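*Asks:* Before I ask anything, here is the structure I am working with.
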Amino acid sequence: MEGKLIFCSDAILRFQSDYDETSAVPLLSIQNAIADADPFFLLRFFRHTALIEDGTTLASIFLAIEPWKELLAAYLDRDVGAYIDEVRKPSGPMTWDIEWIGIDHRSSVYRAYKRQDMEEGEDFSTYFNRERFPTDEFDIESSCDASGFIKGDKERWSISGDVQQIKNLPVILYSKQTLMTSPKDGLLKKNVSGVKSSKHSCFVYGDTSFSFREVMEAIFISGLFFYAP
């Protein structure tokens, strides 16, 4: 099926066909109609683009995936059912300052450095304190992360720990991805239109989208991190 998955604020995961963008149907209803006995039905949608409706909270996302919690738990190696049970508990006093949860794509490209080979009898301390020299290759890393954000604060905050503190926060997918590099490597020229710079980095922005799989991994693996609440 060609289309998108939408996490809705009413805690329902819906499918919107690319051929009819005027409506979205609960994914569970589709499964019940065409593949009720298929325990792997959701796998068909892991690479589909995922959207999050404005105002949808972390708790709403958890409740939306409950029909497939066993499959997701096996894939993510996290106790998804325990997290769902946790958000159903009454909320306690709020002590965290985080205002929303953001999910974004980030990539970095930096010059690769290396040390000369370790000499026979050399201890690790001496080896790791040895000066490194640049190579002709680069370290390239990409990530899709879920972090906590506060208005007016550029810092990223961890969301792992107490799920009660974040369950009612809205979750946002950032539509721009970032590519960062070091100014000293000269890969991005500051005088080129669209290149931004800070004290230690040069970076560019570009449009991006998220698959259902990426959203799940960002929340449970990058963000919540722990196996169970």
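*Asks:* Could you say whether any residue in the stretch 97-116 is within 28 Å of I6 (Cβ to Cβ) and in a loop (DSSP other than H, G, I, E, B)?
*Replies:* Yes: one or more hits.
Here is a yes/no grid of residues against (1) in contact with a Phe, Trp or Tyr (Cβ under 7 Å, 6 or more places away or on another chain); (2) at pLDDT 95 or above:
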{"position": "S29", "(1), (2)": "no, yes"}
{"position": "T56", "(1), (2)": "yes, yes"}
{"position": "E70", "(1), (2)": "no, yes"}
{"position": "P93", "(1), (2)": "no, no"}
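*Asks:* For the stretch 103-133: of the residues being under 26 Å from S182 (Cα atoms) and among the hydrophobic types (A, V, I, L, M, F, W, C), which is surrounded by the most Cβ atoms within 10 Å (Cβ to Cβ)?
*Replies:* Taking the candidates together, the pick is I103.
*Asks:* Take the stretch 63-102 and flag every residue that is of a type in the set (D, E), loosely packed, with under 13 Cβ neighbours inside 10 Å and farther than 15 Å from L42 by Cβ.
*Replies:* Matches in the stretch 63-102: D77, D97.
*Asks:* List pairs: first residue in the stretch 24-35 and farther than 17 Å from A50 by Cα, second residue assigned to a helix (DSSP H, G or I) anywhere in the structure, Cβ distance under 6 angstrom, at least six positions apart or on different chains.
*Replies:* Q31/F41; A35/F41
*Asks:* Applying the selection to the stretch 102-131, what residues are in contact (Cβ under 8 Å) with a residue 24 or more places away in the chain and in contact with a helix residue (DSSP H, G or I) (Cβ under 9 Å, 6 or more places away or on another chain)?
*Replies:* I103, D104, H105, V109, Y110, R111
*Asks:* Can you tell me which of Y83, Y75 is in contact (Cβ under 8 Å) with a residue 60 or more places away in the chain and touching a Pro at 6+ places or on another chain (Cβ under 8 Å)?
*Replies:* Testing whether each residue is in contact (Cβ under 8 Å) with a residue 60 or more places away in the chain and touching a Pro at 6+ places or on another chain (Cβ under 8 Å) leaves just Y83.
*Asks:* Considering the stretch 117-131 alone, what residues qualify as being of a type outside the set (D, E) and not in a helix (DSSP H, G or I)?
*Replies:* Matches in the stretch 117-131: M118, G121, N129, R130.
*Asks:* While we're looking at this one, here's another question. For the stretch 191-213, check the following and say yes or no: at least one residue is at pLDDT 95 or above, loosely packed, with under 13 Cβ neighbours inside 10 Å and part of a strand (DSSP E or B).
*Replies:* yes
*Asks:* Taking into account only those residues within the stretch 132-153 that are more than 17 Å from S108 (Cβ to Cβ) and either hydrophobic (A, V, I, L, M, F, W, C) or assigned to a strand (DSSP E or B) (or both), which is modelled with the lowest pLDDT?
*Replies:* Among them, the one singled out is F133.
*Asks:* Inspect all residues belonging to the stretch 134-144 and state whether any of them is in contact (Cβ under 8 Å) with a residue 40 or more places away in the chain, buried (at least 16 other Cβ atoms within 10 Å of the Cβ) and outside the structural domain of A59 (by the TED database).
*Replies:* Among the residues of the stretch 134-144, at least one is in contact (Cβ under 8 Å) with a residue 40 or more places away in the chain, buried (at least 16 other Cβ atoms within 10 Å of the Cβ) and outside the structural domain of A59 (by the TED database), which makes the answer yes.
The values are calculated or read from the model by the stated rules, or taken from the named source; none is laboratory data. In this text, all values refer to a predicted model and were calculated from it rather than measured experimentally. Neighbour counts are summed over all protein chains in view; Cβ atoms, including those assigned to glycine, are modelled from backbone coordinates with ideal geometry.
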